[in-house]
Amino acid sequence: MTGRDGPIRVLVVDDQDLVRAGFCVILAAADGIALAQAEAPDVVLMDIRMPGMDGLAATRLIAGAGQPGPKVVMLTTFGFDEYVYEALRAGASGFLLKDAPRHDLIAAVRAAAAGDALLAPSVTRMLIEAFTRKPPAMAPSPAALASLTSRERDILRLIARGRSNAEIAADLVVSEATVKTHVGHVLAKLGLRDRVQAVILAYETGMVVPGDN
């Protein structure tokens, strides 16, 4: 798995030297991943709580800087940190616990670079369901979904239920490559950065409700 023109470039942002150094050691040893300076990273691992400009403010700046931009993965100490909800709204692609195993960190970076899910589907679903129970500032209109074909709407529902591309392919009896194409069309038509935003949109428009299987 590589970035736009080579290894996936990762920028680690954390105010704790030991945490930052530990992540850098792990990532530097991983195949297809390279550490980046401030310029043009593909993925930013962002501490959610920092003095000065915190991770939320930094993520809003990154997400608002235009497309294409780096994917932001928030680093948090707590599985359901209150700030995780705001991070998703700010434009983060997902979150990762700071004590995650080495293989989970590497997998999260690769998944973020690919625009794929950052967590196991069951964990993603639990997080998003908890998030969507909080009243949104302004829920999007269902009209936002009008441009999708019937098959694309099916794909969106399955994404929102936490299905991976392989699971969606099995459910719909199509190839995984076909699913990837449909996912790309869904994101492009709805102007979304990644699957996490697609899940949020599906819940906020009522296409999927918490508890759906």
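The values are calculated or read from the model by the stated rules, or taken from the named source; none is laboratory data. In this text, all values refer to a predicted model and were calculated from it rather than measured experimentally. Because the Cβ atoms are built from the backbone with ideal geometry, glycine has one as well, and the counts that use them run over all protein chains shown. Ligands, DNA and RNA are excluded from the accessible area calculation, which covers all protein heavy atoms including side chains. Shrake-Rupley method; radii C 1.70, N 1.55, O 1.52, S 1.80 Å.
For the residues Val208, Val186, the requirement of being open to solvent by less than 40 Å² (accessible area, probe 1.4 Å) and either in a helix (DSSP H, G or I) or under 21 Å from Ala113 (Cβ atoms) (or both) singles out Val186. Given Arg4, Arg20, Arg9, which one is among the charged types (D, E, K, R) and either within 16 Å of Ala107 (Cβ to Cβ) or modelled with pLDDT of 90 or more (or both)? Checking each option against the conditions leaves just Arg9.
Of the residues in the range 144-161, at least one is modelled with pLDDT of 80 or more, under 22 Å from Val109 (Cα atoms) and part of a helix (DSSP H, G or I). Taking Ala202 as the residue in question, decide whether it is open to solvent by less than 30 Å² (accessible area, probe 1.4 Å) and farther than 28 Å from Ala63 by Cα. Answer is no for this residue.
Output the residue which, of all residues in the range 166-182 that are surrounded by 15 or more Cβ atoms within 10 Å (Cβ to Cβ) and without any contact (Cβ under 8 Å) to a residue 12 or more places away in the chain, is farthest from Ala111 (Cα to Cα). The extreme case among them is Val174.
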